[in-house]
1. Only Cα pairs within less than 10 Å get springs; with that Gaussian network setup on chain D, which residue of D:SER146, D:SER87, D:SER14 has the largest fluctuation?
2. To the nearest 20 debye, what charge dipole does the protein assembly as shown have about its Cα centre, counting +1 at the Cβ of each Lys and Arg and -1 at the Cβ of each Asp and Glu?
3. Once you list every other residue whose beta carbon is under 12 Å from the beta carbon of C:THR15, what net charge do they have if Lys and Arg are +1 and Asp and Glu are -1?
4. Within region D:21-120, which chymotrypsin sites (Phe, Trp or Tyr not before Pro) sit in a loop by DSSP and count at most 11 neighbouring Cβ atoms inside 10 Å?
5. Report the relative contact order of region B:93-221, percent, no decimals, based on alpha-carbon pairs under 8 angstrom and at least 6 residues apart.
6. At a Förster distance of 45 Å, what's the computed FRET efficiency of B:ILE159 paired with D:ARG24, Cβ-Cβ distance as r, to 0.05?
7. Taking chain D as a Gaussian network, Cα atoms linked when under 10 Å apart, which of D:ASN120, D:ASN90, D:ASN171 shows the biggest mean-square fluctuation?
8. Classify the protein assembly as shown from the C-alpha gyration tensor, please: rounded if a/c falls under 1.5, else prolate or oblate depending on whether a/b exceeds b/c.
4 protein chains.
Amino acid sequence: MTLIVLNFKTYRESTGLEAVRLARICEEVSRDHSLEIVAVPQVADISSVAGAVKIPVFSQHVDGVGYGGFTGHITAASLKAAGAAGSLINHSEHRLGLAEIEASIASCRQAGLKTIVCTNNVATTRAAAALEPDYVAVEPPELIGSGIPVSKADPEIVIKSVEAVKRIAPNVGVLCGAGITHGEDLRSALDLGSVGVLLASGIIKAKDQRKALEELVVGAF
Amino acid sequence: MTLIVLNFKTYRESTGLEAVRLARICEEVSRDHSLEIVAVPQVADISSVAGAVKIPVFSQHVDGVGYGGFTGHITAASLKAAGAAGSLINHSEHRLGLAEIEASIASCRQAGLKTIVCTNNVATTRAAAALEPDYVAVEPPELIGSGIPVSKADPEIVIKSVEAVKRIAPNVGVLCGAGITHGEDLRSALDLGSVGVLLASGIIKAKDQRKALEELVVGAF
Amino acid sequence: MTLIVLNFKTYRESTGLEAVRLARICEEVSRDHSLEIVAVPQVADISSVAGAVKIPVFSQHVDGVGYGGFTGHITAASLKAAGAAGSLINHSEHRLGLAEIEASIASCRQAGLKTIVCTNNVATTRAAAALEPDYVAVEPPELIGSGIPVSKADPEIVIKSVEAVKRIAPNVGVLCGAGITHGEDLRSALDLGSVGVLLASGIIKAKDQRKALEELVVGAF
Amino acid sequence: MTLIVLNFKTYRESTGLEAVRLARICEEVSRDHSLEIVAVPQVADISSVAGAVKIPVFSQHVDGVGYGGFTGHITAASLKAAGAAGSLINHSEHRLGLAEIEASIASCRQAGLKTIVCTNNVATTRAAAALEPDYVAVEPPELIGSGIPVSKADPEIVIKSVEAVKRIAPNVGVLCGAGITHGEDLRSALDLGSVGVLLASGIIKAKDQRKALEELVVGAF
């Protein structure tokens with residue numbers, strides 16, 4: 001099933017009450033079009049968002065630490081308790097160490113959270129897949145927020161990521177992101193072998209968020 | 001007014017539903033003894049804790065970034081929206097860069113959040129005070145979680161911190177932490193010139209958290 | 001005495017043999033114009049540069065750790081042994097934690113190395129001065145490498161930094177940097193109360209490095 | 001050929017002149033026993049060590065950045081110019097991000113430097129191998145500096161690392177480290193399928209470094 005992941009980042013248009021409002025839009029579009037849309041608000045917004053919608057809510061980050069003296073860290077247990085169903089890990093705006101990524105995946109697995117590890121090229125996608133998260137999401141950093149879709153600007157990175165992951169860890173799904181805004185971007189992402197996309201500014205900063213999300217979904221199928 | 005700040009860290013005994021339960025204990029002890037007790041749960045727990053109690057709820061960490069493309073960061077705006085009244089900054093378990101500390105304080109000020117910058121010795125206390133947060137909290141790292149109170153093990157660090165802050169930024173309050181568990185620890189912390197304390201494992205890991213917190217409060221006055 | 005600090009960064013024009021060649025230019029201009037010029041090559045180049053010139057050689061970075069199990073860290077003792085006379089600390093391209101800055105200064109002091117702590121605005125300059133390094137160097141990050149001199153684009157930041165440091169730690173010298181290229185930039189930096197400047201790309205990337213450095217020096221006096 | 005890598009860390013017994021002295025011991029033992037011993041001094045010591053011995057000299061760390069504005073970073077080009085033949089990457093005392101590890105390997109490859117990526121368990125070994133460095137060196141952090149050899153305390157981690165690497169990237173050699181001090185430790189490391197070992201405190205802090213190194217070598221064969 002196609003996975004559409006909307007990263008709320010820390011935009012004004014997706015913080016606090018706006019996060020709840022946007023998640024409701026995601027839920028409605030998800031229901032109207034029988035698609036899985038995942039809402040990814042800031043950590044402080046997870047509890048209220050998860051209380052307001054039935055679609056999966058993921059965190060933007062999780063630390064690979066457990067119970068104990070880890071002030072200021074984001075634990076999988078706290079995310080689960082707040083209603084999260086998974087987490088992004090190693091987003092290009094919040095890069096982690098290799099050992100931290102591995103520990104984050106392990107702590108999510110233990111807490112029953114799904115994991116999406118973000119990567120920046122084919123080599124790091126290979127490495128991330130070797131850690132066996134649920135998904136890897138390859139996003140060339142230079143295209144993030146650019147409006148130029150990775151599936152058009154650099155289709156090779158998606159094709160090669162899909163091939164590499166198939167060899168190393170065939171159960172890991174490949175998502176792609178960076179610059180995905182329109183239905184045709186999603187369409188070509190799927191055609192290149194990915195199982196879904198990571199969205200952000202293209203939807204969040206749109207004048208009409210609902211319309212932007214619907215056009216993306218309708219245009220792809 | 002004496003400030004008692006209880007850092008929930010990421011202990012099992014202070015995560016999720018346990019965070020709400022512990023915050024209610026803080027609220028009751030605060031009311032029974034006319035003291036200001038601040039509850040500092042994990043970020044994901046702030047919303048439910050702040051919805052359950054009337055005492056101030058602080059975050060354990062805040063990043064100095066604003067609205068925009070800052071995936072996985074903890075913004076002051078999101079904390080405020082979730083019901084937080086302030087934040088720890090630069091805790092020894094989550095150290096920040098100098099420029100980050102300054103940016104965190106600035107973003108909290110703009111969002112209307114109080115700030116407590118944690119420091120590890122007299123020199124860093126001087127530096128932190130120069131940034132003019134609401135409070136600095138000096139905590140020798142080697143005493144954190146030790147059960148040996150800073151006010152007994154190293155009274156000089158508290159005395160000198162208070163003196164240094166008075167010279168550089170007299171409006172900044174000095175807290176002290178590390179190993180504070182009993183009433184006499186709090187008493188001597190106040191006698192040394194601090195305006196309050198940072199507590200954590202001594203209360204959180206106590207067999208009876210309420211009793212531990214009450215004994216601390218009663219024993220000090 | 002006016003202090004001119006040339007940060008070699010990691011440019012091709014200032015690495016390896018080029019670092020030695022450039023340091024010799026610094027030495028000659030220094031001698032011809034009776035000025036103190038400090039060469040700041042990469043760590044791996046310090047030994048050969050310090051062996052080739054008599055002017056002070058500083059490191060671009062030093063970690064606040066001592067002898068022991070600190071693989072990959074840059075210790076003050078190793079810099080001293082290689083011939084360094086001091087170090088930049090907390091450059092905007094290599095930011096450090098507050099506690100790390102303090103520890104770096106302390107380890108340099110113990111090893112007999114001079115310290116220049118870089119800062120990004122007036123508030124962090126105040127904080128850095130409170131740690132009492134030999135110098136603070138204020139550099140607005142947005143002007144670094146821009147060719148627009150801080151002394152022209154934002155004279156207020158220099159004036160206020162000088163005032164703040166005078167109040168908090170009068171023995172600490174204030175340098176300024178970012179965009180300094182020409183003699184008039186240096187001149188106005190000194191007129192605003194700083195005791196010297198941090199240079200980099202304006203000289204290193206110049207077609208004729210010697211000519212660029214001489215013009216800066218001659219044009220200022 | 002068996003590879004013996006001696007990490008000098010930042011011990012007093014292996015800094016500055018002591019680094020040169022220790023590297024000469026490594027060279028002599030290497031020659032007397034026809035073994036490849038790699039000396040890994042601090043970055044500031046590489047130039048003088050590489051000038052004094054003919055055995056390979058590696059860096060303890062390298063950053064994945066190139067020529068440009070990267071103040072305080074350790075570039076592969078500067079290491080090469082100073083005489084290094086390779087570098088450790090991601091040592092447990094200097095952990096890097098996944099994207100940084102990949103960039104460090106790429107920059108070393110371009111500069112003609114060999115790479116050893118350190119890892120902490122089987123999962124991160126798999127991931128590191130997917131990046132295709134020359135070697136991965138698995139070192140359980142809890143055994144580093146313990147005197148308890150990984151090959152005895154946790155042989156499974158070595159066996160499974162060797163298997164995993166063989167499947168993912170058969171050209172990558174597996175080293176193991178942590179607690180290796182005596183000949184029998186090296187012997188069992190080789191018997192478990194690794195092609196060499198990472199040494200540090202067991203040799204560096206020995207009363208007689210030469211004797212310790214010789215006993216290790218003689219005892220293993």
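Read the figures in this text as sums done on the coordinates, not as results from a lab. Everything numeric in this text was worked out from a predicted model, so none of it was measured. Here the Cβ is made from the backbone with ideal geometry for all residues, glycine too, and neighbour counts use every protein chain on show.
1. Among D:SER146, D:SER87, D:SER14, the largest GNM mean-square fluctuation belongs to D:SER146.
2. Working: 80 positive and 96 negative charges, 0 e Å.
Rounded to the nearest 20 debye, it is 0 debye.
3. Numbers: positive: C:LYS9, C:ARG12, C:ARG21, D:LYS80; negative: C:GLU13, C:GLU18, C:ASP45.
Cβ neighbours under 12 Å give a net charge of +1.
4. Answer in residue order: no site qualifies.
5. Details: 224 pairs, mean separation 27.1, N = 129.
RCO, region B:93-221: 21 percent.
6. Details: r = 51 Å, r/R0 = 1.14.
Computed FRET efficiency for B:ILE159 and D:ARG24: 0.30.
7. Checking each option, the largest mean-square fluctuation is seen for D:ASN171.
8. Numbers: a/c = 1.32, a/b = 1.13, b/c = 1.17.
Rounded shape, in that the Cα axes give a/c under 1.5.
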